[in-house]
Amino acid sequence: QGQPLNYSSVQARVPSLLRAAERVFGSWAAAVEAAGFDYSQIRRYRIWTRDRVIERIREWHSKGADLSWRHVAIELDPSLAAAALHAHRFASWSDTLLAAGLDPAEVARYRRWTLPAIQDELEHLATQGIALDQETLADKAPDLRAAIYRIEGGVAVQRAALQRQQEAASTRGRRRRTRAGTEAHKLCAEPQGMLSL
């Protein structure tokens, strides 16, 4: 499942497995070796660094893996995805790919788009303040825009997301106007004597 097998990670995630392994095999390392893994390699990956993240990405790339964010984070290598953005190692997954010498646009081109993936990406762009209209998507996320038209139901998902974004912007605008009006009313209501001071 792409989960780390080093001692501390397993201890934190499934301590019962760790205890059982130590009881049966004598040590966690022995249990891992019995399962057919090289524990010296697993221990090497325990501490993630920028260089280790880049190295791992290149390893997956050499195997022809789909390195789109959603696929890496959910299916391919969740620990790699978490390590890339943990402790501000990289500002974004795109920055991580660039550091590994990969073109994020090329990686995105091979993304396995589904309706949930389209919706997730639209929500991600919305949180970044990027408009979800067709013109903006054509400029900022052409692969997403192509998927919207290619996959049945994509256009409806995009329109719904755009409507939510516009409604949220309208609500924020009303709140700002209300606050501004309240402040103006307070200023006008100040006693004249206070103003003369």
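The values are calculated or read from the model by the stated rules, or taken from the named source; none is laboratory data. It should be emphasised that the depicted structure is a prediction, and the values quoted were computed from it without experimental measurement. Every residue, glycine among them, receives a Cβ derived from its backbone with ideal geometry; neighbour counts consider all protein chains shown. Note: accessible area is taken over every heavy atom of the protein model, side chains too, but ligands, DNA and RNA are not part of it. Shrake-Rupley method; radii C 1.70, N 1.55, O 1.52, S 1.80 Å.
List of remarks:
- Loop chymotrypsin sites (Phe, Trp or Tyr not before Pro), region 1-43 (other Cβ atoms within 10 Å of the site Cβ: 13 or fewer; DSSP): Phe37
- Region 112-154: C-alpha gyration tensor shape, a/c 1.5 cut-off, then a/b vs b/c: oblate
- If you bin all the Cα-Cα distances of the chain at 10 Å, starting from zero, the percentages per bin are 8, 24, 22, 18, 13, 8, 5, 2, 0.
- Dimensions in Å of region 1-84 - Rg and Dmax from alpha carbons: 13.9, 40
- Dimensionless Rg over Rh [region 8-50; C-alpha; Kirkwood]: 1.00
- Alpha-carbon centroids, region 16-64 and region 80-147: separation in whole Å: 29 Å
- Solvent accessible area, Å² - Leu115, 1.4 Å probe, full protein context: 60 Å²
- Two-decimal log10 I(q)/I(0) for region 125-174, as the Debye equation yields it once each C-alpha is a single scatterer, q = 0.16, 0.26, 0.28 Å⁻¹: -0.45, -1.00, -1.10
- The GluC sites (Glu not before Pro) of region 95-175 that DSSP puts in a loop, and whose beta carbon has at most 16 other beta carbons within 10 Å, are Glu152.
- Nonlocal amide H pairs with Val14, under 5 Å, H built at 1.01 Å: none
- Magnitude of the charge dipole, region 54-157, Cβ model with Lys/Arg +1 and Asp/Glu -1, debye to 20: 220 debye
- Nearest-ten-degree value, helix 15-25 long axis tilted from longest Cα axis of the chain: 10 degrees
- Acute angle (nearest 10 degrees) that the helix 115-127 long axis makes with the longest principal axis of the chain, alpha-carbon atoms: 50 degrees
- In this simple spin-label approximation, Leu76 and Asp120 carry label points 7 Å from Cα along the Cα→Cβ vector, and these lie 1.3 nm apart.
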